1. Using only Cα atoms and rounding to the nearest 10 degrees, what angle (0 to 90) does helix 14-34 make with the longest principal axis of the chain?
2. Quick one: if the Förster radius is 30 Å, what FRET efficiency do ASP46 and VAL3 give, using the C-beta to C-beta distance and rounding to 0.05?
3. Magnitude of the Cβ-charge dipole of the range 19-66, K/R +1 and D/E -1, about the Cα centre, nearest 20 debye?
4. Determine the per residue accessible area of the chain with all protein chains present and a 1.4 angstrom probe, expressed in square angstrom.
5. If one puts a single equal scatterer on every Cα of the chain and applies the Debye formula without solvent, what log₁₀ I(q)/I(0) results at q = 0.25 Å⁻¹?
6. Can you give me the % of accessible surface on the chain that is carbon or sulfur? Probe 1.4 Å, all protein chains present, nothing else counted.
Amino acid sequence: MVVRRGESSARVSAEDWRTAVLGFIEAVEAFYETSPPRLPLDENYDEWEPFWQEWRDRKRIALVRR
């Protein structure tokens, strides 16, 4: 797998990429767990729960593939 940012690129294995993404997921979840509860603005409220459901579903799939 090749990851690009601007003119730079790097080749990483699928397992290294999966590990990095799952680490990011853990960091985001830790941030939300230690933050005060909040809800999205009214115009985004209908997307809030489906977003988190998809987040949890994709995380579960990624963990199964490990």
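The values are calculated or read from the model by the stated rules, or taken from the named source; none is laboratory data. None of the values given here were measured: they were computed from a predicted structure. A quick note on method: Cβ atoms are made from the backbone with ideal geometry, for glycine too, and the neighbour counts reach across all protein chains shown. Heavy atoms of the whole protein, side chains included, go into the accessibility calculation; ligands, DNA and RNA do not. Shrake-Rupley method; radii C 1.70, N 1.55, O 1.52, S 1.80 Å.
1. 20 degrees
2. Details: r = 33 Å, r/R0 = 1.10.
It comes out at approximately 0.35.
3. Values: 7 positive and 10 negative charges, 102 e Å.
Computed charge dipole of the range 19-66: roughly 480 debye.
4. Values: 5860 Å² over 66 residues.
Accessible area per residue: 89 Å².
5. At q = 0.25 Å⁻¹ the computed log10 ratios are -1.10.
6. Numbers: 3260 of 5860 Å².
Solvent-exposed carbon and sulfur of the chain make up 56 percent of the total.
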